[in-house]
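Student: I have a structure I would like to understand better, so I am pasting it below and will then ask my questions one at a time.
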Amino acid sequence: MMRLKLRRVAQYGNSVMGELWKEDSVTGTGEMLCDTLENSQYLIPEGEYRVDVTHSPKFGRLLPILISVPGRSGIRIHAGNSYKDSKGCILVGKANGAVLVESRRIEERVTKTLAPIENCILKIEH
């Protein structure tokens, strides 16, 4: 099983910046995968969610999706640059103030990391 952690670290207006970590359950250490950005108006509640990698009809490619988000569906982890690119999804990239850069490249890396994993859990916390 793979465990991920999304730590929200700062807010600039509608942009909630965070860090996505891959945790090693054996050693208790973590590796930061990338920075994240969420739209403050559509934040996913803190908690644990299963993550699968499935084909997204909207984006036309494989993307991670969060399962069992209360009252919501279709919550993906994908590329984007600002809070305006998210209606509740988690955007990935490299933080540059209140925006993300290198987002598409980092999305591809995160998706490749998660695709072969059959049991992945994401914990969202402040």
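Student: Could you count how many Lys pairs in the chain have their Cα atoms under 18 Å apart, skipping same-chain pairs fewer than 8 positions apart?
Tutor: Total qualifying Lys-Lys pairs in the chain comes to 11.
Student: Quick check on the exposure proxy: order SER82, SER103 from fewest to most C-beta atoms within 10 angstrom. Can you show the working numbers first?
Tutor: Details: SER82 14, SER103 21.
Final ranking by Cβ density, sparse to dense: SER82, SER103.
Student: Given contacts defined as C-alpha pairs under 8 Å and at least six residues apart, what's the relative contact order of the chain, whole-number percent? Spell out each step's value before the answer.
Tutor: Details: 307 pairs, mean separation 38.7, N = 126.
It comes to 31 percent, rounded to a whole number.
Student: Quick one: plug the Kirkwood hydrodynamic radius of the chain (C-alpha pairs) into Stokes-Einstein at 4 °C, 1.567 mPa s, and report D in µm²/s. Before the final figure, lay out the partial values.
Tutor: Working: Rh = 14.3 Å.
Estimated diffusion coefficient is 91 µm²/s.
Student: Give the peptides 107-117, 50-60 in descending order of average Cβ contacts within 10 Å, highest first. Don't skip to the end; give the middle numbers.
Tutor: Working: 107-117: 16.5, 50-60: 12.6.
Going by the mean number of other Cβ atoms within 10 Å, highest first, we get 107-117, 50-60.
Student: From the gyration tensor of the Cα coordinates in segment 21-61, what semi-axes in whole Å does the equivalent ellipsoid have, largest first, with each one equal to sqrt(5λ)? Intermediate values should be presented prior to the final figure.
Tutor: Working: eigenvalues 114, 55, 27 Å².
The three semi-axes for segment 21-61 are 24, 17, 12 Å.
Student: Another one. Local charge sum around ARG8 (other residues, Cβ-Cβ under 13 Å, Lys/Arg +1, Asp/Glu -1)? It would help to have the intermediate numbers written out before the result.
Tutor: On the way: positive: LYS5, ARG7, LYS123; negative: GLU19, ASP35, GLU38, GLU46, GLU125.
In short, -2.
Just so you know, all these numbers are worked out from the coordinates, no wet-lab data involved. Keep in mind it's a predicted model, so treat the numbers as computed, not measured. When we count neighbours, we look across all protein chains shown, and the Cβ atoms used for this are built from the backbone with ideal geometry, even at glycine.
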